[in-house]
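The values are calculated or read from the model by the stated rules, or taken from the named source; none is laboratory data. Being a predicted model, the structure only gives us computed values, none of them experimental. Glycine also receives a Cβ, built like all others from the backbone with ideal geometry; neighbour counts cover every protein chain displayed. These accessible areas exclude ligands, DNA and RNA; they are computed on the full protein's heavy atoms, side chains included. Shrake-Rupley method; radii C 1.70, N 1.55, O 1.52, S 1.80 Å.
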Amino acid sequence: MWRSCLRLRDPGRRLLNRPAGGPTACVGPGLTHPAPAPVRAYAPPTERKRFYQNVSITQGEGGFEINLDHRKLKTPQAKLFAVPSKALAIAVATEWDSQQDTIKYYTMHLTTLCNTSLDNPTQRNKDHLIQAVVKFLDTDTICYRVDEPETLVELQKNEWDPIIEWAEKRYGVEIGSSTSIMGPSIPAKTREVLVSHLASYNMWALQGIEFIVTQLKSLVLTLGLIDLHLPVEQAVLLSRLEEEYQIQKWGNIEWAHDYELQELRARTAAGTLFVHLCSESTTVKHKLLQE
């Protein structure tokens, strides 16, 4: 088995003994478990003291692995943390390496997405993920419109209509919008086309797509992001259009709204990066086959 090792940096921190029951199970070289580890609940602590000095990646039979000093990173269910691409491994390793004296798990969105992809805690298959994503069309943020006040009606029309028109033209579908509490009536053909499009992504990328959709509450904005039609900052602002309108009108709560905005941007950016890093090798292979 061919192996390569990449060390990011040596921050010169003291190695701490790892307490039992943490969110990662780290195993030293040559150690094996006599029996499978029990399934662990997805309830890691939000923070803990940093217990490693160096972060590196190695390539093994199952993919690219993350090493914290001499210990291999594990998922919450004690599976080996191995990702399909070197680029994704470097991104995850950077998350771990950027932690200071305290590990803040809630800032490590790429690691969380990888854990979900590896452990699949809800035991969903590809069809389940696709249906969950497409279902967001029924409640898509930018498809629901207000009928008053006129200034907000005009703002939604000016900002959201071009995105819907782009998606309709890009995928050859009909989406539309509505002021009804029931939302727009999405044609069955539209769902079929989008299901077929999403089926071209692998399971890992679909986990990322669902993650973005749940952040933005919009499949249309998510498609714009993944297709590089929208930057993250614009997609986030469009998903918060009514909230931003109210803030401009009534003012915001000091620091609270800014914090929420930055958090949403961070999660959306991480999800978008995750999708592209998980799709990169498949896309390149597809283009080479076409050539």
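At-a-glance table
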{"quantity": "Sulfur and carbon atoms: percent of accessible area, segment 203-283 [1.4 Å]", "calculated": "56"}
{"quantity": "R0 of 25 Å, Cβ-Cβ distance Gln123-Val195: FRET efficiency to nearest 0.05", "calculated": "0.75"}
{"quantity": "Average projected area [Cα convex hull, segment 94-147], square nanometres", "calculated": "6.4"}
{"quantity": "Label point distance in nm, Ser185-Leu228, each placed 7 Å from Cα along Cα→Cβ", "calculated": "3.9"}
{"quantity": "Sequence-distant residues sharing a close amide H with Arg50 (under 5 Å, placed H)", "calculated": "Thr102, Ile103"}
{"quantity": "Pairwise label distance in nanometres, Lys104 with Thr46, each label 7 Å out on the Cα-Cβ vector", "calculated": "1.1"}
{"quantity": "With DNA, RNA and ligands ignored, accessible area of Leu238 (1.4 Å probe; Å², nearest 10)", "calculated": "10"}
{"quantity": "Val55 long-range amide H proximity, modeled H, under 5 Å", "calculated": "Leu8, Arg9, Asp69"}
{"quantity": "Sequence-distant residues sharing a close amide H with Gly60 (under 5 Å, placed H)", "calculated": "Glu65"}
